[in-house]
Amino acid sequence: MAGVEKIIEKMIHRPNGVRFREIAKVLEHHGYIEVRVSGSHHHFRNREGDLITIPNHNPIKAVYVKDVLRRIGR
């Protein structure tokens with residue numbers, strides 16, 4: 001699988017072509033831990049308590065990709 005920086009570049013330039021496992025890898029690299037799964041929705045939380053919910057569909061909708069980029073400071 002591609003490195004985290006390469007995935008982030010893909011997220012920035014092509015937000016509609018990102019897969020769930022790539023989003024999960026980026027979130028985990030930035031300190032988020034998967035805390036719960038409810039159906040197809042995976043909930044990730046960081047140490048500060050910031051919670052983000054990502055549905056496990058491929059490809060991920062651009063709105064979720066942009067939200068992840070905003071939360072990791074990109």
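The values are calculated or read from the model by the stated rules, or taken from the named source; none is laboratory data. The structure presented is a predicted model; accordingly, all values stated were derived computationally and were not measured. Cβ sites come from the backbone with ideal geometry, for glycine too, and all protein chains shown count toward neighbours.
Structure summary
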| item | result |
| --- | --- |
| Residue within region 10-31 that is assigned to a loop (DSSP other than H, G, I, E, B) and at positive phi present | yes |
| Only one of Glu34, Glu28, Glu48 that is over 16 Å from Ile12 (Cβ atoms), modelled with pLDDT of 95 or more and over 12 Å from the mean Cα position of the chain (by Cα) | Glu48 |
| Selected residue (criterion: surrounded by the most Cβ atoms within 10 Å (Cβ to Cβ)) from residues of region 20-66 that are over 18 Å from Lys6 (Cα atoms) and of a type in the set (Asp, Glu) | Glu34 |
| Conditions (1) surrounded by fewer than 15 Cβ atoms within 10 Å (Cβ to Cβ); (2) touching a strand residue (DSSP E or B) at 6+ places or on another chain (Cβ under 9 Å); (3) closer than 12 Å to Leu69 by Cα; number of the one not met by Glu9 | (2) |
| Close pairs (8 angstrom Cβ cut-off, 6 or more residues apart or separate chains): on the phi < 0 side of the Ramachandran plot in region 40-66, of a type in the set (Gly, Ala, Ser) and part of a loop (DSSP other than H, G, I, E, B) anywhere | Asn46/Gly31; Arg47/Gly31; Pro55/Ser40; Asn56/Ser40; His57/Ser40 |
| Criterion violated by Thr53 - all others in (1) closer than 19 Å to Pro15 by Cα; (2) part of a loop (DSSP other than H, G, I, E, B) satisfied | (2) |
